[in-house]
1. Using only Cα atoms, tell me the angle between helix C:88-112 and the longest principal axis of chain C; keep it within 0 to 90° and round to the nearest 10.
2. At 7 Å along Cα-to-Cβ for each site, give me the label-to-label distance between D:GLU34 and D:GLN50 in nm.
3. If you put a point 7 Å past Cα along the Cβ direction, how far is that point for B:THR182 from the same point in each other copy, in nm, smallest first?
4. For the protein assembly as shown, just the Cα set please: Rg and Dmax, both in angstrom.
5. About its Cα centre, what dipole magnitude does chain A give when the only charges are +1 on Lys and Arg Cβ and -1 on Asp and Glu Cβ, stated in debye to the nearest 20?
6. Given the Cα atoms of region A:37-91, and with Rh set as the inverse mean 1/r over their pairs in the Kirkwood sense, what is Rg to Rh to two decimals?
7. Can you give the charge dipole size of region B:29-143 about its Cα centre, rounded to the nearest 20 debye, using +1 on the beta carbon of Lys and Arg and -1 on the beta carbon of Asp and Glu?
8. Can you work out the Karplus-derived ³J(HN,Hα) for every residue in region C:170-184? Use 6.51 cos²θ - 1.76 cosθ + 1.60 with θ = phi - 60°, whole Hz, and x for glycine or proline.
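What follows is calculated from the coordinates using simple rules that are stated; it is not laboratory data. Every value quoted in this text rests on a predicted model; they were computed, and no experiment measured them. We place every Cβ from the backbone using ideal geometry, glycine too, and count neighbours over all the protein chains shown.
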Protein chains: 4
Amino acid sequence: MSETAARPEVGAPERLIYFSDAVIAIAITLLALELPTPTGGVHGNDGLLQFLGGHSTEYVAFLISFAAVAMHWLIHQRLFRYVAGLEGRVIRWNLLWLLMIVLMPFTTKLLTSEVDAFPVQFTVYAVNQALAGLFLLLAFADLRRSGLLRPNTPDEVIADAAEFMTAVVLMFAVSIPVAFVTTLAPLCSLLLPVLRMGVHLVRRRTA
Amino acid sequence: MSETAARPEVGAPERLIYFSDAVIAIAITLLALELPTPTGGVHGNDGLLQFLGGHSTEYVAFLISFAAVAMHWLIHQRLFRYVAGLEGRVIRWNLLWLLMIVLMPFTTKLLTSEVDAFPVQFTVYAVNQALAGLFLLLAFADLRRSGLLRPNTPDEVIADAAEFMTAVVLMFAVSIPVAFVTTLAPLCSLLLPVLRMGVHLVRRRTA
Amino acid sequence: MSETAARPEVGAPERLIYFSDAVIAIAITLLALELPTPTGGVHGNDGLLQFLGGHSTEYVAFLISFAAVAMHWLIHQRLFRYVAGLEGRVIRWNLLWLLMIVLMPFTTKLLTSEVDAFPVQFTVYAVNQALAGLFLLLAFADLRRSGLLRPNTPDEVIADAAEFMTAVVLMFAVSIPVAFVTTLAPLCSLLLPVLRMGVHLVRRRTA
Amino acid sequence: MSETAARPEVGAPERLIYFSDAVIAIAITLLALELPTPTGGVHGNDGLLQFLGGHSTEYVAFLISFAAVAMHWLIHQRLFRYVAGLEGRVIRWNLLWLLMIVLMPFTTKLLTSEVDAFPVQFTVYAVNQALAGLFLLLAFADLRRSGLLRPNTPDEVIADAAEFMTAVVLMFAVSIPVAFVTTLAPLCSLLLPVLRMGVHLVRRRTA
């Protein structure tokens, strides 16, 4: 049924996918564009090592954001491999998801900019990440509802990816209030396995 | 007929489409490249919130331009899905359309740069947007005239997209003189549904 | 024959083509990245118009370089449409051609940077353009020699594109010594039709 | 066998390949983004030539990094042409490889930044290059182990590419201690043919 319904939209999934990949590729590469390099007043091996050490926050934030964007690409390609067609709402969620991806170099830069406002800086970053995950989940919920997945789509792959993404969204949501109490909020990522198991149990019961 | 005529150009639509997508993907990502982040003299949560609030024009302009570029991509993919082949003039209009897309990060930056010259700033932005819409309409008019659309192309999808784009072009054309009277010119976007209905009625009568 | 010889390289033309398109798309978009916008000290509509007029060289140079890169893309897609396979030398010329494309935002910026050294600035720009054309011609000569073009390749399309590109290379070569005498060297572009006719006649006689 | 095992992942190699190409295309183009152009205080042809000569390190480093990224693309496309499917570990190595590619504009900039700390600057650059090669080799080792190569994969092409990449990794590993003794460490690249022959002999004996 989905195959026939999607006929008039044939070719569309490919174009949305390649467009998404191009946007993600650019965003992930731009993350490295403003990594700090010494512009003057740095001397000798020790001086350079000190400079690099002093900017370790920026380098670590780059690695984390690279991993976040790569993770989004991984989940997207795992899910969209089974997409047979598209309809308006899916495209809209996908574009909103791309908007969040495009903002990641900016929110990463804001997170590491030299302001003593960790709660606000982290909140902007976490909201960006949580919304990215949410929009991808919404895109996928609409794909399912509209019967646009191929008949041979393996249930466990889909459930697995959706559960993981839900746990990521919850983790970032939980970490926001924590950031107002302590700068150790990024440690909330350690909750990910627990949250994932919780999501898994809830889904099983409601299924 | 169109299929045969397009035979020597086989493969060409795909390449133009992917090239266009790559350009659009880069332009849409570069929009976020210069979103302002604090570089010094900003302190505490309140300071950062004030900084972000003080630059809200830039953030809003980014969102509007993101929506504009995404809208262009949406219309382009809705129309080019039915393209069976290409000829010189279509490619030329498409490249001029891409020129306008490539300029959008620049005209967005100009619109929000700190100069008290709203009429000129807005005119440059609106001309950029109006020409982008116009070139896409011209590309599509030539596709139709040359019989390069697939036989199964649904008339209503095409008409719908063309009417919407025509209304967008008219809206930006109308907003330019308004910008010389009031900085509320962006509110002309509220005219879009009215203009669209007008375009629809005119087309129906002339059809 | 070419089809069989190219069998082990199947898929390769597509990847080189898409990679080339991505590089060209980025280079053409980056051209607009540093278009000047006022950063301060500019007031009112007149002030902004004066600012824009004062930087007209940059805007015109952007348009010319956009047209140059777009022209390269046009010729490349017109020729590579008929490519059935690839071999090492063709890939190498194609990569050198991309190197020249990648350098165009830089040489454009150098051309319009505020130095009173037009002969050197223009020479760097013209050498960049001439080498780009030369490498594309060499890639295509090797494609022909290795029998990697499809059997149905129309001779006149190929000859036409090659002649045009040869005329472009000659035009830039000619314009370099002229630039050491007068800043009107860009007017050498008016020679293009003449050079093209000359190339056409020479090719016909030698064919 | 590999064909059947890879069935559920059909389409995946294409998407990883196009995503990789987009990332590489952006990284290779960004290399040229910060090539120095005069911003003031440079006068006349002689002044400009002196400026360009004074920054020759940056221009040469750009060319070397362009060649390095292009070489990575060449090897990647030569190997991935024979890939029939993907599995998790291959994708992970490929993403780590892309992380190294994305870092190359940064490490190139660090290498040529005006700090008198050649040993540290060169080490960061060489580690980046060596890890890029290593991750590509690991991706390919996993492809082989998992039987994800097409049945018609020519052994000598694979062996050749893997040997070359191994020699590159060894060359960069060797050059790091040398950089702490002399700034002539880049001359280690002259060792490449020797290292390659050594790798070839070792592989033959152990095969």
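1. Once rounded, the angle reads 10 degrees.
2. Taking the simple label geometry, D:GLU34 and D:GLN50 are separated by 2.6 nm.
3. 5.4, 5.4, 7.6
4. Every Cα atom of the protein assembly as shown included, Rg and Dmax give 27.2, 83 Å.
5. Approximately 760 debye in magnitude.
6. 1.38
7. Dipole size: approximately 520 debye.
8. Rounded to whole hertz, the list is 4, 4, 5, 4, 5, 6, 4, x, 4, 5, 7, 9, 8, 6, 7.
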